[in-house]
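What follows is one structure encoded as structure tokens, with my remarks underneath.
The values are calculated or read from the model by the stated rules, or taken from the named source; none is laboratory data. Because the structure is a prediction, the values reported are computed rather than measured. Cβ placement follows ideal geometry from the backbone for every residue including glycine, while neighbour counts extend to all protein chains displayed. Quick note on the areas: whole protein, heavy atoms, side chains included, nothing else; ligands and nucleic acids left out. Shrake-Rupley method; radii C 1.70, N 1.55, O 1.52, S 1.80 Å.
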Amino acid sequence: MSCGMAQRMPADTPLVTRFAPSPNGHLHLGHALSAIVAHDLAKAGEGRFLLRIEDIDGPRSRPELADEFRRDLEWLGLEWDEVPAQSTRLDSYAAAAEALKVRGLLYPCTCTRSEIEAAGARHGSDPGSVAGAGGLIYPGTCKRTPPDPSRPAAWRLDAEKALAETGPLAWEDALAGPQAVDLAALGDVVLVRKDLPASYHLAVTLDDAADGVTLVTRGADLFAASHVHRTLQALLGLPVPVWHHHPLLLGEDGEKLAKRRGSPALAERRLAGEDGRMLAQQLRLQHLSLGT
Ligand SMILES: [Zn+2]
């Protein structure tokens with residue numbers, strides 16, 4: 001496979017969006033907004049809205065929550081097609097990681113979060129390295145000095161080598177417009193976790209391609225991750241979607257509602273008898289007021 005072979009979607013490709021929650025906690029208002037944005041964009045474009053359960057988060061994953069998510073979405077008045085959960089796709093993650101390793105684009109890293117902090121890592125914008133060092137720009141320790149092979153290793157994308165293969169890349173955000181890929185914003189991100197065959201970055205990029213997603217919608221907190229995902233599409237010859245990063249709902253204290261403690265879960269509101277369709281309408285209005 002040669003570099004930079006990502007295909008552009010043909011203009012007549014049907015619109016496909018998705019909502020991809022992880023069953024490691026209940027859904028909150030922020031999740032509801034993400035689902036509604038993806039659902040409404042698909043319906044407005046006579047496209048399809050997919051639900052994909054991102055259930056590979058090891059011990060934190062609680063499979064029984066997937067059913068709760070379906071009832072929550074129904075309660076909000078949404079309709080969807082469900083595609084296979086991540087746990088059924090582990091082979092595809094391993095195959096893609098192997099292909100990148102063979103090309104010398106990944107390197108093993110045994111650093112713990114505290115080792116990375118001790119090495120003076122700067123805080124970056126990577127939201128995707130759930131295990132290890134999310135949010136820190138990796139200082140390249142294991143790239144300079146290959147680690148002890150007896151320690152468990154994650155595999156990181158060598159951003160420098162990736163850029164050399166792909167050349168300059170761009171992607172498009174439906175709200176923010178054209179973006180030049182800037183891998184330096186995230187550094188050498190983890191693609192294969194120590195405990196799992198894929199990180200968020202690798203899994204979501206492969207899944208969206210496999211599911212034919214043409215419009216990737218998600219919260220603005222994941223904006224920077226799209227630089228990595230666009231790079232992976234180029235390296236792996238995957239189709240290139242358009243992205244739509246929607247503003248986040250914030251509480252009065254400015255904290256993200258999705259993560260906020262004390263904000264009742266959708267399931268709790270549903271079981272208390274609240275009208276989910278009315279809540280969905282309120283979220284749509286609130287979202288409009290955020291300027292999209
Ligand atoms: Zn390391």
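Miscellaneous remarks
- Residues in the stretch 209-225 that are open to solvent by less than 10 Å² (accessible area, probe 1.4 Å) and modelled with pLDDT of 95 or more: Val213, Val216, Thr217.
- First in the stretch 79-100 and open to solvent by 50 Å² or more (accessible area, probe 1.4 Å), second anywhere and charged (D, E, K, R), Cβ under 6 Å, 6 or more apart: Asp81/Arg48; Ser87/Asp55
- Tally of residues being within 21 Å of Ala224 (Cβ to Cβ), near the ligand (Cβ under 10 Å from one of its atoms) and modelled with pLDDT of 85 or more across the stretch 112-159: 7
- Conditions (1) crowded, with 20+ Cβ neighbours inside 10 Å; (2) within 18 Å of the chain's Cα centre (by Cα): number failed by Leu73: (2)
- Count of the stretch 52-70 residues which are in contact with a helix residue (DSSP H, G or I) (Cβ under 7 Å, 6 or more places away or on another chain) and of a type outside the set (Val, Ile, Thr): 4
This table checks each residue for (1) surrounded by fewer than 23 Cβ atoms within 10 Å (Cβ to Cβ); (2) without any contact (Cβ under 8 Å) to a residue 60 or more places away in the chain.
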{"position": "Ala153", "(1), (2)": "yes, yes"}
{"position": "Arg156", "(1), (2)": "no, yes"}
{"position": "Lys161", "(1), (2)": "yes, yes"}
{"position": "Gly167", "(1), (2)": "yes, no"}
{"position": "Ala170", "(1), (2)": "yes, no"}
{"position": "Ala176", "(1), (2)": "yes, no"}
{"position": "Leu186", "(1), (2)": "no, no"}
{"position": "Ala198", "(1), (2)": "no, no"}
{"position": "Ala203", "(1), (2)": "no, no"}
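- Just one of the listed residues (Arg269, Arg261, Arg277, Arg230) is surrounded by fewer than 14 Cβ atoms within 10 Å (Cβ to Cβ) and modelled with pLDDT of 95 or more, namely Arg277.
- Taking the stretch 31-64 as the range and being surrounded by fewer than 20 Cβ atoms within 10 Å (Cβ to Cβ) and either under 17 Å from Arg270 (Cβ atoms) or not charged (D, E, K, R) (or both) as the test, the residues that pass are Leu41, Ala44, Gly45, Gly47, Gly58, Pro59, Ser61, Pro63, Glu64.
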